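Please treat every number below as a calculation from the coordinates, not as lab data. Values in this document were obtained by computation on a predicted structure and should not be read as measured data.
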């Protein structure tokens with residue numbers, strides 16, 4: 001394994017404790033605080049779905065990033081593409097999960113009446129925010145393919 005791959009694998013493994021804590025928080029959310037770490041309460045079903053999806057993508061894409069770091073060492077790609085591919089694999093794991101988790105953020109404290117962009121479900125309001133764009137940006141940088149041409 002090259003020193004560059006070791007460096008990027010080390011940076012990827014730093015994410016593991018945050019993924020584990022995120023899993024405990026998701027467990028606390030899904031079981032209504034009977035197990036796991038305490039998380040936000042009174043979430044709507046779509047917010048819970050975003051929490052679960054964000055955590056799942058964080059785990060899967062960070063493992064994929066580890067495999068890609070090793071595969072890049074043995075791939076016959078131009079040297080000018082090696083570092084963007086290494087950084088793109090790790091940034092896709094961070095940006096996709098971050099976009100999903102930030103999209104489920106609860107609304108700020110009460111303010112003016114809710115507009116058409118706001119939704120109220122399950123007693124908790126949340127605003128659809130623009131951080132979901134991180135998912136689209138990360139999907140286009142992650143695996144080298146254009147997601148819209150599949």
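Across the stretch 43-112, the relative contact order, built from alpha-carbon pairs under 8 Å that are at least six residues apart, equals 55 percent.
For the stretch 11-58, the square roots of the Cα gyration tensor eigenvalues, ordered a ≥ b ≥ c, give a/c of at least 1.5 with a/b no greater than b/c, which places it in the oblate category. Once you reduce the stretch 29-58 and the stretch 76-99 to the center of their Cα atoms, the two points are 28 Å from each other.
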